[in-house]
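Where a number appears in this text, it was derived from the coordinates with a stated rule and is not lab data. Since this is a predicted model, take the numbers as computed values, not measurements. Glycine also receives a Cβ, built like all others from the backbone with ideal geometry; neighbour counts cover every protein chain displayed.
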Amino acid sequence: LYGLFEDKMITFFGVIIFLKGYKKKNKIKTNFISKSSHLTAKAVVIGREKPKYNFKLQDSSFRFVKIKKISSANQNKLNLAYFTCLSLYLEPVASENLKLIKKIHKSTTIFVDPNIRTKIITSKKKYLKSFNNILNYTNIIKLSDEDLKYLSSYKDKKKLIYRWLSKKSLSAVILTKGKNGAKVYTNKLEVSNKPKIVK
């Protein structure tokens, strides 16, 4: 067991060293990164065909990210900001993210990927209210067919997508459909793509 643990630790530190080297080589800036004494969140994936997830999120580091570093920076330098999953719902990070979105959306492309985890959401009504609020400032949304099903009781899902595109600030909706590929919707066109089989 010690040998196995030791190998995993070596692999872990190897990844850290690789990332540091990659960051330096590609001149990736880290001035927006927040350090925390809280533990990293943990997700356990069960199954392959239709995977299920268990999460350990209590007092995890991502929930306590503050926007101070980003909001104090020159906002015009932010070309794109990406927001996803539980950070759009769990507090206090959800409120921090909404503050940031409101502050930068006029000069930054806002990309949202809801990546909904129904097991974590305690109030669907509250989640939908929060999601619709964020949509008012979003330019691109990427979601799965399962996400779309959760977000609306519409039988005609395409009708909902075009409703978003006409009334919100959205310029594109990317819908992923697992083995059936993906589709991009804009006000002017629809583009589909089939997935490549990976062996």
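Once backbone amide H atoms are built at 1.01 Å from N, H38 has no partners under 5 Å, excluding neighbours fewer than 5 places away on the same chain. Couplings for segment 42-49, taken from phi via the Karplus curve 6.51 cos²θ - 1.76 cosθ + 1.60 with θ = phi - 60°, read 10, 10, 10, 9, 10, x, 10, 5 Hz in order; Gly and Pro are left as x. Placing a pseudo-label 7 Å from each Cα along the Cα-to-Cβ vector at F32 and L80 gives an inter-label distance of 1.1 nm.
Taking Cα centre as origin and charging only the Cβ of basic (Lys, Arg, +1) and acidic (Asp, Glu, -1) residues, the dipole magnitude of the chain rounds to 460 debye. In terms of the mean number of neighbouring beta-carbon atoms within 10 Å, the peptides 80-89, 141-150, 125-134, 40-49 order highest first as 141-150, 80-89, 125-134, 40-49. Counting every alpha-carbon pair across segment 108-199, the share separated by more than 22 Å comes to 27%.
Note that the chain shows a convex hull volume over its alpha carbon atoms of 183 Å³ per residue.
If the chain linking V184 and K52 were pulled fully straight, counting 0.36 nm for each residue of separation and taking away their Cα-Cα distance, it would gain 44.9 nm.
Less than 19 Å from a label point 7 Å out along the Cα-to-Cβ axis of S192: which backbone N atoms in segment 166-182 qualify, by residue? Counting backbone N atoms under 19 Å from the label point, the list is 173-182.
A simple spin-label model places the labels of K42 and K129 3.4 nm from each other, with each point 7 Å out along Cα-to-Cβ. Fraction of C-alpha pairs exceeding 18 angstrom in segment 61-169: 50 percent, rounded to a whole number. For segment 53-199, the share of DSSP beta bridges that are antiparallel, to the nearest 5, is 40%.
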